[in-house]
1. Please go through the stretch 255-281 and pick out each residue that is over 18 Å from Ala311 (Cβ atoms), in a loop (DSSP other than H, G, I, E, B) and either modelled with pLDDT of 95 or more or not hydroxyl-bearing (Ser, Thr, Tyr) (or both).
2. Looking at (1) more than 14 Å from Leu18 (Cβ to Cβ); (2) surrounded by 20 or more Cβ atoms within 10 Å (Cβ to Cβ); (3) more than 13 Å from the ligand (Cβ to nearest atom), which one does Tyr262 not meet, given that it meets all the others?
3. Given the conditions (1) assigned to a loop (DSSP other than H, G, I, E, B); (2) more than 22 Å from Pro327 (Cβ to Cβ); (3) among the hydrophobic types (A, V, I, L, M, F, W, C); (4) touching a helix residue (DSSP H, G or I) at 6+ places or on another chain (Cβ under 6 Å), and given that Ile54 satisfies all but one, which numbered condition is not satisfied?
4. Looking at Arg44, Arg109 in this structure, which one is farther than 20 Å from Cys207 by Cα and in a helix (DSSP H, G or I)?
5. Look through the stretch 271-290, keep the residues that are surrounded by fewer than 22 Cβ atoms within 10 Å (Cβ to Cβ) and within 16 Å of the ligand (Cβ to nearest atom), and return whichever of them is farthest from the chain's Cα centre (by Cα).
6. Quick one: would you say Glu57 is charged (D, E, K, R) and more than 26 Å from Gly269 (Cβ to Cβ)?
7. All but one of (1) in contact (Cβ under 8 Å) with a residue 40 or more places away in the chain; (2) within 15 Å of Ser283 (Cα to Cα); (3) not hydrophobic (A, V, I, L, M, F, W, C) hold for Gly30; state the number of the condition that does not hold.
8. Among the residues of the stretch 292-313, count how many are assigned to a helix (DSSP H, G or I) and under 25 Å from Ser214 (Cα atoms).
Amino acid sequence: MRVSDPITIRNKTIKNRLTMAPTVKFDYAGADGKATDLHIEHYRERAAHGCGLICVEATAVSPDGRFGPIHMGLWEDEQIPGHRAITDACHEHGAVVIIQLNHTGITTRPEMGPAIGPSAVPLRDPEALSKAMTIDEIKHMQELFADAAERAKKAGYDGVQLHGCHSYLINQFISKKTNLRTDEYGGSDENRARFGAEIIRMIRERCGEDFIISIRTPGIEPDVATAIAVAEEYVKAGCDYLQVSTGIEWNDPTVTEPDGPYNAVCSLGVRFHEHFKGRVPVSCVNSIFEPGQVRYLIENDLVDTVDLGRAILADPAFCEAVLGDKPYVKCFDCPRCQYGPGMPHKCAAAAVRAKQ
Ligand SMILES: Cc1cc2nc3c(=O)[nH]c(=O)nc-3n(C[C@H](O)[C@H](O)[C@H](O)COP(=O)(O)O)c2cc1C
């Protein structure tokens, strides 16, 4: 296998094994949640430099599920045209483009709305508890995800990715730490996965057979075996592509730093690939900053695709460095990339590129 080999996910052929990880740009959206010219150029540039699949950043399915007051959304039709410009820009350069859909759930900031989730659990202030969603509220939330997916389809996306990790709502349902329910949405692996799995089924029903449905899911929650059991439920529901990252709890002595040139987070994707091989494509992510790391993972059949976060933020031409040995500016792995409202996005690598 080579990095330049195509891969088919659903009916879409992705021209190589390089995927852009969802990476939110806080300072790009307006308060109306619409995509801006900055977004369009940001994704166009990465598509133009050869990235096979672009996963557009976490996008809110409702205003109260945003990361902050200026976060991109797909909760109303007026937001579709901005996304259409992003998909056109990516398609012009031959990239397949999907969009990550999210709700922050119990991590919602107070000014955005109430902290709702599977159960009433302590928030940052141990005295304050989140609000447990009723069954009606769960069904309504699932509709919001499906509505946003339909808008994504209208905007020209080739598919969607559910944000099922990094402590947000879908992840809160699968974690036993945040999901204490005793009804059909809590308890067994199947029940805790039901919230996400039902959303997958709704999206398939509404968006059709041609639409990629991916989920970004923890490779460990709290251990790898449980995370795989949950992912099996997503696959049963019709998920086409698993992107593996981290979740809420990490408690598995079997996960150690691997021998290869990649780290333990990335090794979770490798473990998933071993399990799902031949059934569902799997990607890995985290601290992949050098072309040799990407080639190692693909050429040794350790994953199907490699998800690039900071490497492709640092240098939009990183994919050309992997595919064609071209020079690139390596991510400095510096704290400036920490994302959060109000954080300055001053990329050290971008500063180096600006001087070249
Ligand atoms: C600026 C920034 C924004 C991010 N936004 C998202 C996001 O919208 N959705 C998501 O699932 N992960 C997000 N992440 C996590 C990345 O997708 C990725 O998993 C993480 O950066 C590790 O990969 P890397 O070492 O290649 O950067 C973000 C990371 C960064 C640095």
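The values are calculated or read from the model by the stated rules, or taken from the named source; none is laboratory data. What you are looking at is a predicted structure, and each value in this text was computed from that prediction instead of being measured. Cβ sites come from the backbone with ideal geometry, for glycine too, and all protein chains shown count toward neighbours.
1. Val255, Glu257, Pro258, Asp259, Lys277, Gly278, Arg279, Val280, Pro281
2. Failed condition: (3).
3. Result: Ile54 passes all but (1).
4. Details: Arg109 fails: in a helix (DSSP H, G or I).
The conditions single out Arg44.
5. Of everything passing the filter in the stretch 271-290, Glu290 is farthest from the chain's Cα centre (by Cα).
6. It is false that Glu57 is charged (D, E, K, R) and more than 26 Å from Gly269 (Cβ to Cβ).
7. The one condition Gly30 does not meet is (2).
8. Taking the stretch 292-313 first, the residues assigned to a helix (DSSP H, G or I) are 292-299, 310-313.
Subsequent filtering for residues that are under 25 Å from Ser214 (Cα atoms) retains 293-299, 310-313.
Final tally of qualifying residues: 11.
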